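Some notes on the structure that comes next.
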Amino acid sequence: MNHAKWRQIAVGMVVPATVIALWQAVAQLGWVNPQVLPAPLAVVEKWVAYLLPLAPYSEGSWLAWAVSGELIVDSIGSMYRVAAGFLIGAALALPLGLAMGASEGVYAWFNPLVQLLRPIPPIAYIPLAILWFGLGNPPAVFLIALGAFFPVLMNTIAGVRHVDGIYLRAARNLGAGRRTMFLRVILPAAVPYILSGVRIGIGTAFIVVIVSEMIAVNNGLGFRILEAREYFWSDKIMAGMITIGMLGLAIDIGMNRLNNYLLRWHRGLEN
């Protein structure tokens with residue numbers, strides 16, 4: 001990692017570090033009730049306790065014991081639901097978006113229904129999801145898939161419909177057929193839009209999973225935050241929120257690097 005990258009990271013840490021320092025000072029001076037706003041050190045202490053196994057190691061697999069802490073189990077549960085729901089939503093949205101973008105007829109058939117359903121937030125489906133699927137993972141995965149579906153769909157449609165006409169005319173002049181035109185011109189040109197939709201869809205899925213876990217699931221980060229609220233464990237609430245932020249940041253960084261790798265040709269970086 002070069003000097004400029006380290007400098008960028010250091011600059012980015014200035015504001016968070018300042019906020020945490022002010023937060024700690026306010027808590028130490030007793031300006032706020034610690035049950036309402038616990039000190040950062042108290043939150044870190046609770047986060048570590050939330051991370052560590054509840055029972056001491058006795059026998060059996062050490063690895064299984066090491067990952068038996070509530071935080072790890074809840075994070076795995078939440079990430080499983082995000083992955084399952086997003087994959088289902090994206091797998092449905094991508095072919096439909098390609099078809100709607102490439103065909104005026106398909107667009108005319110499906111667009112009214114899409115525009116009718118798109119403004120409805122996924123959380124509005126919670127009563128129906130519980131009625132249809134009961135409790136547990138199925139309603140949560142359904143809601144996450146719904147949240148991921150529309151960002152991927154709309155960006156895919158936009159990507160296909162906004163391909164530069166110069167590319168299309170050049171391909172036609174070279175004798176490209178419809179199949180070649182779609183696979184070699186339209187689809188590659190739409191990839192930046194599709195990846196943007198994927199990035200937004202994953203973010204939406206991560207938001208929806210927390211809400212769904214507060215309603216329909218008995219584990220996960222959302223469930224644990226709701227449980228902590230019932231017992232007024234504000235430090236555990238904030239520890240869960242910090243975990244959500246860390247996971248979200250890691251996913252976003254991963255998606256950004258994947259986008260940069262897949263779009264090297266788009267930026268003129270490919271040999």
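The values are calculated or read from the model by the stated rules, or taken from the named source; none is laboratory data. Please read these numbers as outputs of a predicted model, since none were measured by experiment. Methodologically, a virtual Cβ is constructed for each residue, glycine included, from the backbone with ideal geometry; neighbour enumeration extends over all protein chains shown. Heads up: the accessible areas ignore ligands, DNA and RNA and are worked out on the full protein's heavy atoms, side chains in. Shrake-Rupley method; radii C 1.70, N 1.55, O 1.52, S 1.80 Å.
Some notes on this structure:
- Other residues with beta-carbon under 13 Å from the beta-carbon of Arg81 carry, at +1 per Lys or Arg and -1 per Asp or Glu, a net charge of -2.
- For the stretch 1-107: rounded, prolate or oblate by the Cα gyration tensor [a/c cutoff 1.5]: oblate
- If R0 is 35 Å, the Cβ-Cβ spacing of Tyr80 and Arg229 corresponds to a FRET efficiency of close to 0.90.
- Mean-position separation - Cα centroids, the stretch 19-61 and the stretch 64-94, in angstrom: 25 Å
- Using Cβ point charges alone (K and R +1, D and E -1), the dipole size of the chain about the Cα centre works out to roughly 1260 debye.
- Computed over the chain, relative contact order equals 22 percent, with contacts defined as Cα pairs under 8 Å that lie 6+ residues apart.
- Counting protein heavy atoms only, the chain has 69 percent of its accessible area on carbon and sulfur, 1.4 angstrom probe.
- Kyte-Doolittle at least 1.6, axis length at least 20 Å by Cα - qualifying DSSP helices, the chain: 187-215
- Comparing Asp235, Asp74, Asp252 in a Gaussian network model of the chain (Cα springs below 10 Å), the most mobile by mean-square fluctuation is Asp252.
- Solvent exposure of the chain as accessible area per residue, Å², 1.4 Å probe: 61 Å²
- With each label modelled as a point 7 angstrom along the Cα→C-beta vector, the Gln24-Leu131 pair spans 5.2 nm.
- Take the chain and mark each of the trypsin sites (Lys or Arg not before Pro) that is in a DSSP loop with at most 15 other Cβ atoms within 10 Å; the longest unmarked stretch, sites excluded, is 1-263.
- Surface/4 of the Cα convex hull for the chain, nm²: 20.9 nm²
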